[in-house]
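Encoded as structure tokens, the structure appears first; notes follow it.
The values are calculated or read from the model by the stated rules, or taken from the named source; none is laboratory data. Since we're looking at a predicted model, the values are computed, not measured. Cβ placement follows ideal geometry from the backbone for every residue including glycine, while neighbour counts extend to all protein chains displayed. Please note that ligands, DNA and RNA were not included when accessible areas were found on the heavy atoms of the full protein model with its side chains. Shrake-Rupley method; radii C 1.70, N 1.55, O 1.52, S 1.80 Å.
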Amino acid sequence: MKRALTALTIALSLTLPLSAFAKNNVVVVATGGTIAGAGANSTNSATYTAAKVPVDALINAVPQVQELANVRGVQALQIASESITDKELLNLARQVNDLAKKPDVNGIVITHGTDTLEETAFFLNLVVHTDKPIVVVGSMRPGTALSADGPLNLYSAVALAAAESAKGKGVMVLMNDSIFAARDVTKTINVHTNAFASQWGELGSVVEAKPYWFRSSVKRFNNNSEFNIESIKGDTLPLVGIVYGSDNMLPQSYLALQQAGAKAIIHAGTGNGSVANYIVPTLTKLQAEGVQIVRASRVPQGLVLRNAEQPDDKYGWVVAHDLNPQKARLLTALALTKTKDAKEIQRMFYEY
Ligand code: DGL
């Protein structure tokens with residue numbers, strides 16, 4: 001009997017594809033958003049309620065993912081992503097970090113609302129120490145809509161998280177078949193499925209569950225980061241606010257943030273991070289009073305050049321380089337957990 005069983009096992013192992021035995025384990029961490037949304041009817045592609053469908057229903061709606069990996073779900077949050085605060089972000093990072101340390105977890109997918117998806121992906125890129133694939137994925141249409149994009153986005157995200165080639169690439173965003181680097185992807189269209197883009201290009205693409213790579217990020221991330229979620233205590237980060245640049249600015253917009261306890265202010269300036277001449281005195285005063293000023297830009301592409309529009313060296317200001325204001329806010333908050341030195345903070349903007 002034992003001999004027969006051994007023979008059968010050998011025969012089976014010779015006939016079944018290796019993948020049947022060697023599937024990676026992928027955990028889907030759900031946080032809400034449109035990918036978990038539901039509309040009143042199939043023609044509601046933009047009118048729906050986000051954060052309704054639980055993680056197991058999301059996974060069961062795409063049974064094909066089980067052919068790619070052993071997939072299980074964790075419900076971390078169930079909210080629209082515009083409502084995520086530093087508290088949720090820190091706790092999500094701790095959960096992802098704990099999962100990444102488990103030897104039986106090979107990859108992680110995070111389903112997330114697209115509004116602040118780029119912030120969450122960037123934050124995890126900076127504070128989670130692992131080389132396992134972490135893939136943040138969302139959708140622009142709810143699963144109830146005609147041509148919903150969520151199911152295929154989830155399928156491709158699981159394929160990416162299960163791929164050996166995706167190790168050590170940094171936190172990735174998978175949307176609309178494209179693989180983006182967390183540090184430079186941003187939401188550029190608020191109603192179409194090709195909503196995300198990076199001015200420096202995609203890392204690659206996933207087609208029929210296979211990732212195709214075309215470049216890697218040269219920036220610091222994950223294991224190469226000086227930031228670590230394990231050394232950040234509590235559920236708040238140093239308060240950093242953003243003021244959007246326009247004509248007819250008000251000094252009170254900045255003073256209100258100082259009043260609220262901001263340790264730094266991101267000036268999302270016009271053009272190359274320009275500052276109106278009647279605002280400069282307010283910013284130099286804030287800097288002198290210990291509120292770090294960071295010049296970013298409201299313009300979606302390009303980079304803010306140090307000492308170009310303003311004498312940053314003279315004022316002790318930092319420039320956000322190519323990071324958009326919302327990502328500059330997160331990097332500045334993390335930087336302030338380590339230093340108040342403007343030169344050190346500027347180094348971090350050039351390295352991450
Ligand atoms: N409320 C938005 C969010 O949760 C919906 C957008 C989306 O997820 O695509 O980010």
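Where both residues lie in the chain, what percent of DSSP beta bridges are antiparallel, nearest 5? Write out the running numbers ahead of the final one.
Numbers: 15 of 47 bridges.
Taking every DSSP beta bridge with both residues in the chain, the antiparallel ones total about 30 percent.
For the chain, report the % of Cα-Cα distances exceeding 39 Å. All intermediate terms of the calculation are to be shown ahead of the outcome.
Working: 12481 of 61776 pairs.
Summing the P(r) tail past 39 Å for the chain gives 20 percent.
Could you work out the helix-only [θ] at 222 nm for the chain, with each DSSP H run of four or more residues adding -39,500 (n - 2.57) and the total divided by the number of residues, to the nearest 500 deg cm²/dmol? Walk me through the numbers before you get to the answer.
Values: 12 runs with 110 residues, N = 352.
Taking each H run of at least 4 residues, the total per residue is -9000 deg cm²/dmol.
Got a sec to turn the phi values of region 205-214 into Karplus ³J(HN,Hα) couplings, 6.51 cos²θ - 1.76 cosθ + 1.60 with θ = phi - 60°, whole Hz, x for Gly and Pro?
So the Karplus estimates, Gly and Pro as x, are 8, 10, 10, 6, 6, 10, x, 10, 9, 10 Hz.
Solvent-accessible area per residue for the chain at a 1.4 Å probe radius, Å²?
Accessible surface, normalised per residue, equals 45 Å².
Determine ³J(HN,Hα), in whole Hz, for all residues of region 86-94 in sequence, where each value follows from phi through the Karplus function 6.51 cos²θ - 1.76 cosθ + 1.60 and θ = phi - 60°; x replaces Gly and Pro.
For region 86-94, the Karplus curve yields 4, 4, 5, 5, 5, 5, 5, 4, 5 Hz.
Computed on alpha carbon atoms, what radius of gyration and Dmax characterise region 279-352, expressed in Å?
Expressed in Å, the Cα Rg and Dmax of region 279-352 come to 11.5, 31.
If one computes the Cα centroid of region 276-352 and of region 27-55, what distance in Å separates the two points?
37 Å
Relative contact order for the chain: what is it in percent, counting Cα pairs under 8 Å that are at least 6 residues apart?
Details: 757 pairs, mean separation 47.4, N = 352.
This gives 13 percent for the chain.
Remind me, relative contact order of region 265-323 in percent, using alpha carbon pairs under 8 angstrom and six or more residues apart?
On the way: 96 pairs, mean separation 22.8, N = 59.
Normalised by residue count, the contact order of region 265-323 is 39 percent.
Along its three principal axes, how long is region 51-118 when you only count alpha carbons? Whole Å, largest extent first please.
Rounded to whole Å, the extents work out to 35, 28, 18 Å.
Hey, how many Å between the Cα centroid of region 82-128 and the Cα centroid of region 200-245?
Cα centroid to Cα centroid, the span is 10 Å.
When you take every Cα atom in region 223-345, what is the radius of gyration, and what is Dmax, the widest Cα pair distance, in Å?
Every Cα atom of region 223-345 included, Rg and Dmax give 13.9, 44 Å.
Quick one: among 215, 183, 329, which has the greatest mean-square fluctuation in a GNM of the chain with alpha-carbon springs under 10 angstrom?
Among 215, 183, 329, the largest GNM mean-square fluctuation belongs to 215.
For residue 167, tell me the accessible area in Å² from a 1.4 Å probe, rounded to the nearest 10.
90 Å²
Can you pull a Stokes-Einstein diffusion coefficient for region 163-205 at 20 °C (1.002 mPa s), Rh from Kirkwood over Cα pairs, as a whole number of µm²/s? Each step should come with its number before you reach the end.
Numbers: Rh = 10.7 Å.
Using the Kirkwood radius from Cα pairs, D works out to 200 µm²/s.
Can you tell me the length gained on complete extension of the stretch residue 189 to residue 340, counting 0.36 nm per residue apart and subtracting the Cα distance?
Details: separation 151, 0.36 × 151 = 54.36 nm, distance 3.54 nm.
Here the segment from residue 189 to residue 340 would lengthen by 50.8 nm.
In µm²/s, what is D for region 208-259 at 25 °C and 0.890 mPa s, where D = kT/(6 pi eta Rh) by Stokes-Einstein and Rh is the Kirkwood radius from Cα pairs? Write down the numbers at each step before the final one.
Numbers: Rh = 16.3 Å.
Result for D is 151 µm²/s.
So what J values fall out for region 142-151 if you push phi through Karplus, 6.51 cos²θ - 1.76 cosθ + 1.60 with θ = phi - 60°, rounded to Hz, Gly and Pro as x?
x, x, 7, 8, 4, 6, 4, 9, x, x
To the nearest 10 degrees, how steeply does helix 342-351 sit against the main Cα axis of the chain, on a 0 to 90 scale?
Compared with the principal axis, the helix lies near 30 degrees.
If I ignore ligands, DNA and RNA and count only protein heavy atoms, how much of residue 239 is accessible to a 1.4 Å probe, in Å² to the nearest 10?
Roughly 80 Å² of residue 239 is accessible to a 1.4 Å probe.
By the gyration tensor of its Cα atoms, with a ≥ b ≥ c the square roots of the eigenvalues, what is the shape of region 254-294: rounded for a/c under 1.5, prolate for a/b over b/c, or oblate? It would help to have the intermediate numbers written out before the result.
Numbers: a/c = 2.02, a/b = 1.60, b/c = 1.26.
Verdict is prolate for region 254-294.
If we restrict to alpha carbons, what Rg and Dmax does region 124-252 come to, in Å?
17.1, 53
Can you work out D for region 76-185 in µm² s⁻¹ from Stokes-Einstein, where Rh is the Kirkwood radius over C-alpha pairs, the temperature is 25 °C and the viscosity is 0.890 mPa s?
Numbers: Rh = 14.0 Å.
Reported coefficient: 176 µm²/s.
Going by average Cβ density within 10 Å per residue, which order do the peptides 226-233, 44-51 take, highest to lowest?
Working: 226-233: 15.0, 44-51: 17.4.
Order by mean packing, descending: 44-51, 226-233.
Taking a cut-off of 16 Å, what percent of all Cα-Cα pairs in region 116-161 are separated by more than that? It would help to have the intermediate numbers written out before the result.
Details: 505 of 1035 pairs.
Roughly 49 percent, rounded to a whole number.
Kindly express, to the nearest 10 degrees and within the range 0 to 90, the angle between helix 117-127's C-alpha long axis and the longest C-alpha principal axis of the chain.
Tilt relative to the chain: about 90 degrees.
Could you please state how large a percent of the accessible area of the chain is carbon and sulfur, counting protein chains only and using a 1.4 Å probe? It would help to have the intermediate numbers written out before the result.
Details: 8550 of 15780 Å².
The value for the chain is 54 percent carbon and sulfur by accessible area.
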